[in-house]
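Enquirer: Next up is a structure, given as C-alpha coordinates.
The values are calculated or read from the model by the stated rules, or taken from the named source; none is laboratory data. As the structure is a prediction and not an experimental result, all values here were calculated from the model. Here the Cβ is made from the backbone with ideal geometry for all residues, glycine too, and neighbour counts use every protein chain on show.
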Amino acid sequence: MRAALIRIEAGSAPAAVTVEVPGDKSVTHRAVLLGLLAQGTTHIRRPLRAEDTRRSLAVARAFGARVEESAAEWVIESQGLGALREPGAVIDCGNSGTTMRLAIGMAALVPGLTVLTGDASLCRRPMRRVTDPLGQLGIDAWTRADGGAPVAVRGGSVHGGRVVLPVASAQVKSALLLAALGADGPVTVEEPMATRDHTERMLAAQGITVDRGPRGTTIFPGTPSPLTWTVPGDPSSAAFWWAWAALTGSRVVTEDVLLNPARTGFLRVLRRMGAQVEESVRTNDVEPLGRVAVTGPDRLSGTTVVAAEVPGLVDELPLVAVLMCRAAGRSEVSGAGELRVKESDRIKAMGDGLRAMGADISDRVDGWVVERGGELSGARVDAAGDHRVAMALSVAAAAARGPVLLTGADTVAISYPGFFDAFEAAGAVRVSSVL
Ligand code: S3P
(Lines give C-alpha, C1' and ligand atoms only; values in the text may rest on other atoms or scores of the structure.)
Protein backbone atom coordinates (compact mmCIF):
# COMPACT_ATOMS: atom_id res chain seq x y z
CA MET A 1 0.00 0.00 0.00
CA ARG A 2 1.15 3.56 -0.76
CA ALA A 3 1.87 6.02 2.01
CA ALA A 4 -0.76 8.63 2.74
CA LEU A 5 1.43 11.49 1.44
CA ILE A 6 3.32 11.01 -1.81
CA ARG A 7 5.27 13.13 -4.27
CA ILE A 8 4.38 12.66 -7.93
CA GLU A 9 6.37 13.96 -10.87
CA ALA A 10 5.68 13.60 -14.56
CA GLY A 11 7.54 10.64 -16.08
CA SER A 12 9.12 10.40 -19.47
CA ALA A 13 5.73 10.08 -21.23
CA PRO A 14 6.60 6.91 -23.19
CA ALA A 15 5.24 6.76 -26.72
CA ALA A 16 3.10 3.67 -26.22
CA VAL A 17 2.10 1.36 -23.39
CA THR A 18 -0.13 -1.69 -23.08
CA VAL A 19 -1.92 -2.03 -19.77
CA GLU A 20 -3.90 -4.77 -18.07
CA VAL A 21 -6.55 -3.13 -15.90
CA PRO A 22 -8.13 -4.79 -12.86
CA GLY A 23 -11.55 -6.44 -12.97
CA ASP A 24 -14.67 -4.31 -13.11
CA LYS A 25 -15.87 -3.13 -9.71
CA SER A 26 -19.60 -3.02 -10.52
CA VAL A 27 -19.57 -6.50 -12.07
CA THR A 28 -17.50 -7.99 -9.21
CA HIS A 29 -19.92 -6.62 -6.57
CA ARG A 30 -22.87 -8.06 -8.48
CA ALA A 31 -21.22 -11.44 -9.13
CA VAL A 32 -20.66 -11.80 -5.37
CA LEU A 33 -24.11 -10.64 -4.30
CA LEU A 34 -25.94 -12.56 -7.02
CA GLY A 35 -23.88 -15.57 -5.91
CA LEU A 36 -25.39 -15.13 -2.46
CA LEU A 37 -28.91 -15.07 -3.94
CA ALA A 38 -28.28 -18.10 -6.18
CA GLN A 39 -28.68 -21.60 -4.85
CA GLY A 40 -25.44 -23.53 -5.37
CA THR A 41 -21.84 -22.64 -6.17
CA THR A 42 -20.79 -19.47 -7.98
CA HIS A 43 -17.24 -19.07 -9.33
CA ILE A 44 -15.82 -15.62 -9.98
CA ARG A 45 -12.68 -15.48 -12.11
CA ARG A 46 -10.56 -12.32 -12.30
CA PRO A 47 -12.58 -10.54 -9.58
CA LEU A 48 -11.56 -7.03 -8.58
CA ARG A 49 -9.53 -7.75 -5.44
CA ALA A 50 -9.92 -4.47 -3.61
CA GLU A 51 -11.30 -3.03 -0.38
CA ASP A 52 -14.73 -2.20 -1.82
CA THR A 53 -15.45 -5.58 -3.37
CA ARG A 54 -14.23 -7.37 -0.21
CA ARG A 55 -17.03 -5.52 1.59
CA SER A 56 -19.49 -7.36 -0.63
CA LEU A 57 -17.80 -10.65 0.28
CA ALA A 58 -18.39 -9.74 3.94
CA VAL A 59 -22.08 -9.15 3.17
CA ALA A 60 -22.33 -12.57 1.52
CA ARG A 61 -20.81 -14.15 4.66
CA ALA A 62 -23.06 -12.13 6.98
CA PHE A 63 -26.18 -13.44 5.20
CA GLY A 64 -24.96 -17.03 5.49
CA ALA A 65 -22.94 -17.89 2.37
CA ARG A 66 -19.62 -19.73 2.44
CA VAL A 67 -16.94 -17.65 0.74
CA GLU A 68 -13.54 -18.81 -0.43
CA GLU A 69 -10.82 -16.58 -1.84
CA SER A 70 -8.02 -18.26 -3.78
CA ALA A 71 -5.43 -16.99 -6.24
CA ALA A 72 -7.49 -18.32 -9.13
CA GLU A 73 -11.01 -17.25 -8.16
CA TRP A 74 -13.58 -16.33 -5.56
CA VAL A 75 -16.15 -19.00 -4.74
CA ILE A 76 -19.55 -18.32 -3.16
CA GLU A 77 -21.61 -21.23 -1.90
CA SER A 78 -25.15 -20.36 -0.87
CA GLN A 79 -28.52 -21.91 -0.07
CA GLY A 80 -30.13 -19.15 -2.12
CA LEU A 81 -32.39 -16.21 -1.47
CA GLY A 82 -35.05 -18.28 0.30
CA ALA A 83 -32.57 -19.27 3.01
CA LEU A 84 -30.70 -16.06 3.80
CA ARG A 85 -29.77 -15.79 7.49
CA GLU A 86 -30.49 -12.80 9.70
CA PRO A 87 -27.04 -11.26 10.29
CA GLY A 88 -25.68 -11.74 13.80
CA ALA A 89 -24.03 -8.30 13.91
CA VAL A 90 -24.08 -4.89 12.25
CA ILE A 91 -22.65 -5.17 8.72
CA ASP A 92 -19.78 -2.75 8.01
CA CYS A 93 -19.82 -1.71 4.33
CA GLY A 94 -16.67 0.43 4.74
CA ASN A 95 -16.47 2.99 1.95
CA SER A 96 -18.61 1.03 -0.51
CA GLY A 97 -21.88 2.64 -1.62
CA THR A 98 -22.60 -0.22 -4.02
CA THR A 99 -22.26 -2.79 -1.22
CA MET A 100 -24.53 -0.85 1.10
CA ARG A 101 -27.27 -0.01 -1.39
CA LEU A 102 -27.44 -3.49 -2.91
CA ALA A 103 -27.33 -5.05 0.56
CA ILE A 104 -30.26 -2.88 1.67
CA GLY A 105 -32.24 -4.37 -1.22
CA MET A 106 -31.23 -7.90 -0.24
CA ALA A 107 -32.02 -7.28 3.43
CA ALA A 108 -35.64 -6.90 2.33
CA LEU A 109 -35.56 -10.65 1.59
CA VAL A 110 -34.27 -11.65 5.02
CA PRO A 111 -36.82 -12.25 7.75
CA GLY A 112 -35.62 -10.27 10.78
CA LEU A 113 -33.47 -7.23 11.23
CA THR A 114 -30.42 -6.17 9.22
CA VAL A 115 -28.37 -3.15 10.27
CA LEU A 116 -25.74 -1.68 7.95
CA THR A 117 -23.13 0.96 8.57
CA GLY A 118 -19.98 2.28 6.92
CA ASP A 119 -17.08 4.68 7.27
CA ALA A 120 -17.56 8.42 7.81
CA SER A 121 -17.81 9.08 4.04
CA LEU A 122 -20.41 6.37 3.43
CA CYS A 123 -22.48 7.45 6.45
CA ARG A 124 -22.77 10.92 4.89
CA ARG A 125 -24.24 9.57 1.63
CA PRO A 126 -27.99 9.57 0.95
CA MET A 127 -29.77 6.28 1.70
CA ARG A 128 -33.42 7.34 1.64
CA ARG A 129 -33.25 7.06 -2.13
CA VAL A 130 -33.20 3.27 -1.45
CA THR A 131 -35.28 2.96 1.72
CA ASP A 132 -38.20 5.11 0.42
CA PRO A 133 -38.88 3.05 -2.73
CA LEU A 134 -38.46 -0.17 -0.71
CA GLY A 135 -41.22 1.18 1.52
CA GLN A 136 -43.45 1.29 -1.56
CA LEU A 137 -42.88 -2.48 -1.85
CA GLY A 138 -43.97 -2.98 1.77
CA ILE A 139 -40.56 -3.05 3.47
CA ASP A 140 -39.85 -1.02 6.61
CA ALA A 141 -36.41 0.55 6.56
CA TRP A 142 -34.89 3.36 8.60
CA THR A 143 -32.00 5.76 8.15
CA ARG A 144 -30.52 8.33 10.54
CA ALA A 145 -32.47 11.59 10.75
CA ASP A 146 -30.29 13.17 8.02
CA GLY A 147 -30.97 10.27 5.65
CA GLY A 148 -27.58 8.61 6.11
CA ALA A 149 -26.41 5.27 7.53
CA PRO A 150 -26.61 3.40 9.83
CA VAL A 151 -29.60 1.90 8.05
CA ALA A 152 -31.93 -0.70 9.56
CA VAL A 153 -34.16 -2.94 7.44
CA ARG A 154 -36.92 -5.24 8.66
CA GLY A 155 -37.13 -7.83 5.91
CA GLY A 156 -39.74 -10.42 5.19
CA SER A 157 -42.45 -9.99 2.63
CA VAL A 158 -41.80 -7.84 -0.43
CA HIS A 159 -44.89 -6.91 -2.45
CA GLY A 160 -44.94 -6.78 -6.20
CA GLY A 161 -45.69 -3.41 -7.79
CA ARG A 162 -44.35 -0.50 -9.74
CA VAL A 163 -41.77 2.00 -8.49
CA VAL A 164 -40.78 5.24 -10.24
CA LEU A 165 -37.35 6.38 -9.10
CA PRO A 166 -36.68 10.11 -8.79
CA VAL A 167 -32.86 9.72 -9.02
CA ALA A 168 -30.90 8.12 -11.85
CA SER A 169 -28.86 5.59 -9.85
CA ALA A 170 -27.87 2.08 -10.87
CA GLN A 171 -27.26 1.24 -7.23
CA VAL A 172 -30.80 2.16 -6.23
CA LYS A 173 -32.32 0.45 -9.27
CA SER A 174 -30.28 -2.69 -8.54
CA ALA A 175 -31.33 -2.74 -4.87
CA LEU A 176 -34.97 -2.86 -5.99
CA LEU A 177 -34.34 -5.45 -8.70
CA LEU A 178 -32.71 -7.71 -6.10
CA ALA A 179 -35.54 -7.23 -3.60
CA ALA A 180 -37.96 -8.05 -6.45
CA LEU A 181 -36.54 -11.58 -6.74
CA GLY A 182 -38.38 -12.56 -3.56
CA ALA A 183 -41.52 -10.48 -4.07
CA ASP A 184 -45.06 -11.90 -4.17
CA GLY A 185 -45.46 -10.66 -7.76
CA PRO A 186 -43.55 -8.91 -10.55
CA VAL A 187 -41.85 -5.61 -9.74
CA THR A 188 -41.34 -2.85 -12.32
CA VAL A 189 -38.71 -0.18 -11.75
CA GLU A 190 -38.68 2.96 -13.88
CA GLU A 191 -35.63 5.24 -13.82
CA PRO A 192 -35.44 8.87 -14.98
CA MET A 193 -32.39 8.18 -17.20
CA ALA A 194 -30.84 4.90 -18.30
CA THR A 195 -28.05 3.87 -15.92
CA ARG A 196 -25.62 0.93 -16.09
CA ASP A 197 -27.56 -2.31 -16.60
CA HIS A 198 -25.21 -5.01 -15.28
CA THR A 199 -27.77 -6.32 -12.78
CA GLU A 200 -30.39 -6.79 -15.51
CA ARG A 201 -27.94 -8.56 -17.83
CA MET A 202 -26.52 -10.80 -15.13
CA LEU A 203 -29.92 -11.79 -13.71
CA ALA A 204 -31.16 -12.68 -17.20
CA ALA A 205 -28.05 -14.85 -17.69
CA GLN A 206 -28.95 -16.58 -14.41
CA GLY A 207 -32.36 -17.60 -15.72
CA ILE A 208 -34.48 -14.80 -14.24
CA THR A 209 -37.18 -13.28 -16.47
CA VAL A 210 -36.22 -9.64 -17.00
CA ASP A 211 -38.51 -7.57 -19.19
CA ARG A 212 -36.94 -4.34 -20.35
CA GLY A 213 -39.55 -1.94 -21.72
CA PRO A 214 -39.78 1.79 -22.39
CA ARG A 215 -41.64 2.26 -19.09
CA GLY A 216 -39.24 0.39 -16.89
CA THR A 217 -37.64 -2.95 -16.16
CA THR A 218 -39.81 -5.75 -14.78
CA ILE A 219 -38.38 -8.60 -12.73
CA PHE A 220 -40.36 -11.80 -12.28
CA PRO A 221 -39.55 -13.33 -8.88
CA GLY A 222 -37.34 -16.43 -8.77
CA THR A 223 -34.06 -17.83 -7.54
CA PRO A 224 -31.10 -17.12 -9.86
CA SER A 225 -28.99 -20.07 -11.02
CA PRO A 226 -25.33 -20.09 -10.00
CA LEU A 227 -22.82 -19.38 -12.78
CA THR A 228 -19.12 -19.06 -13.44
CA TRP A 229 -18.29 -15.43 -14.21
CA THR A 230 -15.14 -14.03 -15.75
CA VAL A 231 -15.01 -10.37 -14.81
CA PRO A 232 -13.99 -8.01 -17.64
CA GLY A 233 -11.51 -5.17 -17.09
CA ASP A 234 -12.91 -2.03 -15.47
CA PRO A 235 -13.40 0.85 -17.93
CA SER A 236 -13.45 3.26 -14.97
CA SER A 237 -9.92 2.11 -14.05
CA ALA A 238 -8.79 2.04 -17.70
CA ALA A 239 -10.03 5.64 -17.93
CA PHE A 240 -7.06 6.91 -15.86
CA TRP A 241 -4.73 5.52 -18.54
CA TRP A 242 -6.86 6.76 -21.43
CA ALA A 243 -6.90 10.26 -19.90
CA TRP A 244 -3.14 10.16 -19.39
CA ALA A 245 -2.63 9.27 -23.09
CA ALA A 246 -5.00 12.06 -24.12
CA LEU A 247 -3.13 14.60 -21.96
CA THR A 248 0.40 13.65 -22.91
CA GLY A 249 0.00 12.71 -26.57
CA SER A 250 0.96 9.10 -25.79
CA ARG A 251 -0.77 5.90 -26.84
CA VAL A 252 -2.35 3.42 -24.43
CA VAL A 253 -3.76 0.04 -25.34
CA THR A 254 -6.09 -1.71 -22.88
CA GLU A 255 -7.28 -5.27 -23.53
CA ASP A 256 -10.41 -7.11 -22.33
CA VAL A 257 -12.16 -4.03 -21.03
CA LEU A 258 -15.89 -3.99 -20.35
CA LEU A 259 -17.47 -2.11 -23.26
CA ASN A 260 -21.07 -1.88 -22.08
CA PRO A 261 -22.36 1.32 -23.79
CA ALA A 262 -23.75 2.48 -20.43
CA ARG A 263 -20.12 2.71 -19.24
CA THR A 264 -18.23 4.11 -22.23
CA GLY A 265 -19.41 7.72 -22.26
CA PHE A 266 -15.88 8.85 -21.43
CA LEU A 267 -14.58 7.47 -24.72
CA ARG A 268 -17.15 9.58 -26.55
CA VAL A 269 -15.93 12.69 -24.69
CA LEU A 270 -12.28 11.84 -25.45
CA ARG A 271 -13.12 11.64 -29.16
CA ARG A 272 -14.86 15.03 -29.04
CA MET A 273 -11.80 16.51 -27.37
CA GLY A 274 -9.61 15.33 -30.24
CA ALA A 275 -8.16 12.03 -29.01
CA GLN A 276 -8.02 9.12 -31.40
CA VAL A 277 -10.05 6.25 -29.91
CA GLU A 278 -10.10 2.73 -31.38
CA GLU A 279 -12.66 0.40 -29.83
CA SER A 280 -13.15 -3.22 -30.86
CA VAL A 281 -15.53 -5.65 -29.19
CA ARG A 282 -13.97 -9.13 -28.90
CA THR A 283 -16.80 -11.07 -27.25
CA ASN A 284 -20.33 -10.28 -26.19
CA ASP A 285 -21.50 -12.88 -23.71
CA VAL A 286 -23.62 -11.19 -21.00
CA GLU A 287 -21.45 -8.08 -21.41
CA PRO A 288 -19.47 -6.81 -24.43
CA LEU A 289 -15.72 -6.63 -23.87
CA GLY A 290 -12.73 -5.86 -26.01
CA ARG A 291 -9.79 -3.67 -26.78
CA VAL A 292 -9.49 0.09 -26.52
CA ALA A 293 -6.56 2.13 -27.81
CA VAL A 294 -6.36 5.85 -27.13
CA THR A 295 -3.84 8.17 -28.75
CA GLY A 296 -3.61 11.74 -27.52
CA PRO A 297 -3.69 14.73 -29.87
CA ASP A 298 -1.14 17.58 -29.88
CA ARG A 299 -3.70 19.74 -28.09
CA LEU A 300 -7.09 18.79 -26.64
CA SER A 301 -10.13 20.86 -27.60
CA GLY A 302 -12.75 22.08 -25.13
CA THR A 303 -16.09 20.31 -24.84
CA THR A 304 -19.47 20.45 -23.12
CA VAL A 305 -20.89 17.52 -21.13
CA VAL A 306 -24.63 17.73 -20.43
CA ALA A 307 -26.98 15.96 -17.97
CA ALA A 308 -28.09 13.28 -20.43
CA GLU A 309 -24.51 12.01 -20.74
CA VAL A 310 -23.77 11.91 -17.02
CA PRO A 311 -24.87 8.35 -16.12
CA GLY A 312 -22.61 6.99 -18.89
CA LEU A 313 -19.46 8.54 -17.43
CA VAL A 314 -20.38 9.48 -13.86
CA ASP A 315 -17.23 7.95 -12.35
CA GLU A 316 -14.99 9.45 -15.04
CA LEU A 317 -16.10 13.07 -14.50
CA PRO A 318 -13.11 13.86 -12.21
CA LEU A 319 -10.94 13.02 -15.22
CA VAL A 320 -13.07 15.19 -17.50
CA ALA A 321 -12.33 18.05 -15.08
CA VAL A 322 -8.59 17.43 -15.53
CA LEU A 323 -8.85 17.29 -19.33
CA MET A 324 -10.89 20.52 -19.41
CA CYS A 325 -8.07 22.33 -17.61
CA ARG A 326 -5.60 21.40 -20.37
CA ALA A 327 -7.92 21.88 -23.37
CA ALA A 328 -7.93 24.83 -25.73
CA GLY A 329 -11.05 26.98 -25.41
CA ARG A 330 -14.09 26.73 -23.17
CA SER A 331 -15.34 23.54 -21.47
CA GLU A 332 -18.28 22.89 -19.23
CA VAL A 333 -19.90 20.03 -17.31
CA SER A 334 -23.49 20.46 -16.11
CA GLY A 335 -26.20 18.19 -14.72
CA ALA A 336 -23.70 16.34 -12.54
CA GLY A 337 -24.94 17.32 -9.06
CA GLU A 338 -24.68 13.62 -8.08
CA LEU A 339 -20.92 14.17 -7.84
CA ARG A 340 -21.53 16.04 -4.59
CA VAL A 341 -22.76 12.82 -2.91
CA LYS A 342 -20.08 10.38 -4.06
CA GLU A 343 -17.22 9.16 -1.81
CA SER A 344 -16.41 12.88 -1.47
CA ASP A 345 -17.93 16.05 -2.89
CA ARG A 346 -16.12 15.48 -6.16
CA ILE A 347 -17.00 18.87 -7.63
CA LYS A 348 -15.27 20.62 -4.75
CA ALA A 349 -12.41 18.12 -4.34
CA MET A 350 -11.40 18.29 -8.02
CA GLY A 351 -11.99 22.05 -8.24
CA ASP A 352 -9.79 22.64 -5.17
CA GLY A 353 -7.02 20.32 -6.42
CA LEU A 354 -6.92 21.73 -9.93
CA ARG A 355 -7.08 25.35 -8.75
CA ALA A 356 -4.11 24.62 -6.46
CA MET A 357 -2.31 23.42 -9.60
CA GLY A 358 -2.97 26.78 -11.26
CA ALA A 359 -6.06 25.92 -13.32
CA ASP A 360 -8.76 28.51 -13.91
CA ILE A 361 -11.67 26.18 -13.12
CA SER A 362 -14.91 27.34 -11.44
CA ASP A 363 -17.21 25.02 -9.52
CA ARG A 364 -20.92 25.15 -10.30
CA VAL A 365 -23.70 23.55 -8.26
CA ASP A 366 -23.79 20.70 -10.76
CA GLY A 367 -20.43 20.74 -12.53
CA TRP A 368 -17.49 22.94 -13.56
CA VAL A 369 -16.61 25.62 -16.12
CA VAL A 370 -13.19 26.31 -17.59
CA GLU A 371 -13.01 29.39 -19.84
CA ARG A 372 -9.60 28.50 -21.21
CA GLY A 373 -7.36 25.54 -20.42
CA GLY A 374 -3.62 26.02 -19.90
CA GLU A 375 -0.62 24.65 -18.05
CA LEU A 376 -0.84 22.80 -14.72
CA SER A 377 1.89 23.36 -12.15
CA GLY A 378 3.19 21.52 -9.09
CA ALA A 379 1.26 22.02 -5.84
CA ARG A 380 0.09 20.32 -2.69
CA VAL A 381 -3.31 18.68 -3.23
CA ASP A 382 -5.67 16.47 -1.23
CA ALA A 383 -7.61 13.38 -2.33
CA ALA A 384 -10.41 14.20 0.15
CA GLY A 385 -10.42 10.52 1.15
CA ASP A 386 -11.68 9.59 -2.31
CA HIS A 387 -10.00 6.95 -4.48
CA ARG A 388 -11.08 8.44 -7.81
CA VAL A 389 -9.99 11.95 -6.80
CA ALA A 390 -6.57 10.55 -5.75
CA MET A 391 -6.09 8.90 -9.14
CA ALA A 392 -7.50 11.79 -11.22
CA LEU A 393 -5.15 14.25 -9.47
CA SER A 394 -2.25 11.85 -10.09
CA VAL A 395 -3.09 11.87 -13.79
CA ALA A 396 -3.12 15.68 -13.62
CA ALA A 397 0.30 15.49 -11.92
CA ALA A 398 1.61 13.36 -14.82
CA ALA A 399 0.79 16.29 -17.13
CA ALA A 400 2.01 19.07 -14.81
CA ARG A 401 5.21 21.07 -14.62
CA GLY A 402 6.71 20.52 -11.20
CA PRO A 403 6.07 17.98 -8.45
CA VAL A 404 2.66 17.41 -6.91
CA LEU A 405 2.35 16.44 -3.24
CA LEU A 406 -0.77 14.32 -2.81
CA THR A 407 -2.33 13.53 0.57
CA GLY A 408 -4.63 10.51 0.82
CA ALA A 409 -2.89 8.42 -1.85
CA ASP A 410 -3.56 5.21 0.12
CA THR A 411 -7.26 5.48 -0.72
CA VAL A 412 -6.64 3.97 -4.18
CA ALA A 413 -6.87 0.57 -2.42
CA ILE A 414 -10.65 1.02 -2.59
CA SER A 415 -10.83 0.24 -6.31
CA TYR A 416 -7.34 -0.04 -7.86
CA PRO A 417 -4.73 -1.24 -5.35
CA GLY A 418 -1.86 -1.48 -7.87
CA PHE A 419 -2.48 1.89 -9.51
CA PHE A 420 0.67 3.77 -8.47
CA ASP A 421 2.99 0.82 -9.09
CA ALA A 422 1.56 0.31 -12.58
CA PHE A 423 1.52 4.04 -13.39
CA GLU A 424 5.15 4.35 -12.33
CA ALA A 425 6.28 1.11 -14.01
CA ALA A 426 4.83 2.39 -17.30
CA GLY A 427 6.94 5.54 -17.02
CA ALA A 428 3.96 7.87 -16.70
CA VAL A 429 5.12 9.25 -13.33
CA ARG A 430 7.83 9.05 -10.71
CA VAL A 431 6.43 8.51 -7.25
CA SER A 432 8.12 8.80 -3.88
CA SER A 433 6.67 8.39 -0.42
CA VAL A 434 6.88 11.40 1.85
CA LEU A 435 4.95 10.10 4.88
C1 S3P B 1 -22.41 1.97 -9.45
C2 S3P B 1 -23.24 2.98 -9.84
C3 S3P B 1 -22.86 4.40 -9.81
C4 S3P B 1 -21.36 4.58 -9.73
C5 S3P B 1 -20.73 3.68 -8.70
C6 S3P B 1 -21.03 2.22 -9.00
C7 S3P B 1 -22.90 0.58 -9.50
O8 S3P B 1 -23.45 5.03 -8.71
O9 S3P B 1 -21.03 5.93 -9.44
O10 S3P B 1 -19.32 3.85 -8.68
O11 S3P B 1 -22.09 -0.37 -9.41
O12 S3P B 1 -24.12 0.40 -9.62
P13 S3P B 1 -25.00 5.50 -8.75
O14 S3P B 1 -25.80 4.32 -9.06
O15 S3P B 1 -25.28 6.04 -7.38
O16 S3P B 1 -25.05 6.55 -9.80
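Enquirer: Given (1) closer than 30 Å to Leu137 by Cβ; (2) surrounded by fewer than 23 Cβ atoms within 10 Å (Cβ to Cβ), identify the lone condition not met by Arg263.
Expert: Status for Arg263: all satisfied but (2).
Enquirer: May I ask you to verify whether Leu134 is away from the ligand (no atom under 15 Å from the Cβ), in a helix (DSSP H, G or I) and surrounded by 23 or more Cβ atoms within 10 Å (Cβ to Cβ)? Quick ask: steps written out before the conclusion?
Expert: Numbers: away from the ligand (no atom under 15 Å from the Cβ): yes; in a helix (DSSP H, G or I): yes; surrounded by 23 or more Cβ atoms within 10 Å (Cβ to Cβ): yes.
Considered against the rule, which asks whether it is away from the ligand (no atom under 15 Å from the Cβ), in a helix (DSSP H, G or I) and surrounded by 23 or more Cβ atoms within 10 Å (Cβ to Cβ), Leu134 comes out as yes.
Enquirer: Among the listed residues Val310, Val294, Val322, which satisfies the condition of being assigned by TED's automatic domain parsing to the domain that holds Glu371, part of a helix (DSSP H, G or I) and away from the ligand (no atom under 16 Å from the Cβ)? Talk me through it step by step, then tell me what you get.
Expert: Working: Val310 fails: away from the ligand (no atom under 16 Å from the Cβ); Val294 fails: part of a helix (DSSP H, G or I).
When all the criteria are applied, what remains is Val322.
Enquirer: May I pose another question? Could you check, for region 140-150, whether at least one of its residues is closer than 22 Å to Thr199 by Cα and either in contact with a Phe, Trp or Tyr (Cβ under 8 Å, 6 or more places away or on another chain) or aromatic (Phe, Trp, Tyr) (or both)?
Expert: Within region 140-150 (the criterion being closer than 22 Å to Thr199 by Cα and either in contact with a Phe, Trp or Tyr (Cβ under 8 Å, 6 or more places away or on another chain) or aromatic (Phe, Trp, Tyr) (or both)), the answer is no, since none of the residues qualifies.
Enquirer: May I pose another question? Could we say that Ser70 is hydroxyl-bearing (Ser, Thr, Tyr), within 16 Å of the ligand (Cβ to nearest atom) and within 28 Å of Arg46 (Cα to Cα) here?
Expert: No: the conditions fail for Ser70.
Enquirer: Continuing with this model, one more query. How many residues are more than 10 Å from the ligand (Cβ to nearest atom), more than 16 Å from Ala141 (Cβ to Cβ) and among the hydrophobic types (A, V, I, L, M, F, W, C) if we restrict to region 154-186?
Expert: 3
Enquirer: Residue pairs, Cβ under 6 Å, 6 or more apart or interchain, first in region 349-376 and at positive phi, second surrounded by fewer than 22 Cβ atoms within 10 Å (Cβ to Cβ) and of a type outside the set (Phe, Trp, Tyr). List them.
Expert: Gly358/Ser377; Gly367/Ser334
Enquirer: If the Cβ limit is 6 Å and pairs must be 6+ apart or interchain, which residue in region 172-184 that is on the phi < 0 side of the Ramachandran plot pairs with which residue that is of a type in the set (S, T, N, Q) and surrounded by 24 or more Cβ atoms within 10 Å (Cβ to Cβ)?
Expert: Once the first residue is on the phi < 0 side of the Ramachandran plot and sits in region 172-184, its partners that are of a type in the set (S, T, N, Q) and surrounded by 24 or more Cβ atoms within 10 Å (Cβ to Cβ) give Ser174/Thr199; Leu177/Thr199.
Enquirer: What residue, of Arg45, Arg54, Arg7, Arg66, is within 18 Å of the chain's Cα centre (by Cα) and surrounded by fewer than 24 Cβ atoms within 10 Å (Cβ to Cβ)? Before you say what the answer is, go through the steps one by one.
Expert: Values: Arg45 fails: within 18 Å of the chain's Cα centre (by Cα); Arg7 fails: within 18 Å of the chain's Cα centre (by Cα); Arg66 fails: within 18 Å of the chain's Cα centre (by Cα).
Selected residue: Arg54, the only one of Arg45, Arg54, Arg7, Arg66 that is within 18 Å of the chain's Cα centre (by Cα) and surrounded by fewer than 24 Cβ atoms within 10 Å (Cβ to Cβ).
Enquirer: Just to be sure I understand, how many residues within region 325-343 are in a helix (DSSP H, G or I), more than 16 Å from the ligand (Cβ to nearest atom) and small (Gly, Ala, Ser)?
Expert: Residues of region 325-343 in a helix (DSSP H, G or I): 325-326, 337-341.
Those still in the list that are more than 16 Å from the ligand (Cβ to nearest atom) too: 325-326.
Going one step further and asking which of them are small (Gly, Ala, Ser), we end up with none.
Total meeting the criteria: 0.
Enquirer: In this structure, does Pro166 turn out to be in contact with a Pro (Cβ under 9 Å, 6 or more places away or on another chain) and farther than 27 Å from Gly82 by Cβ? It would help to see each step written out before you state the result.
Expert: Details: in contact with a Pro (Cβ under 9 Å, 6 or more places away or on another chain): yes; farther than 27 Å from Gly82 by Cβ: yes.
Considered against the rule, which asks whether it is in contact with a Pro (Cβ under 9 Å, 6 or more places away or on another chain) and farther than 27 Å from Gly82 by Cβ, Pro166 comes out as yes.
Enquirer: Report yes if some residue within region 284-301 is surrounded by fewer than 24 Cβ atoms within 10 Å (Cβ to Cβ), β-branched (Val, Ile, Thr), at pLDDT 95 or above and within 23 Å of Ala400 (Cα to Cα); otherwise report no.
Expert: For region 284-301, residues surrounded by fewer than 24 Cβ atoms within 10 Å (Cβ to Cβ), β-branched (Val, Ile, Thr), at pLDDT 95 or above and within 23 Å of Ala400 (Cα to Cα): present.
Enquirer: Output yes when any residue across region 244-263 is away from the ligand (no atom under 16 Å from the Cβ) and either among the aromatic types (Phe, Trp, Tyr) or outside the structural domain of Ala13 (by TED's automatic domain parsing) (or both), and no when none is.
Expert: Checking region 244-263: at least one residue is away from the ligand (no atom under 16 Å from the Cβ) and either among the aromatic types (Phe, Trp, Tyr) or outside the structural domain of Ala13 (by TED's automatic domain parsing) (or both).
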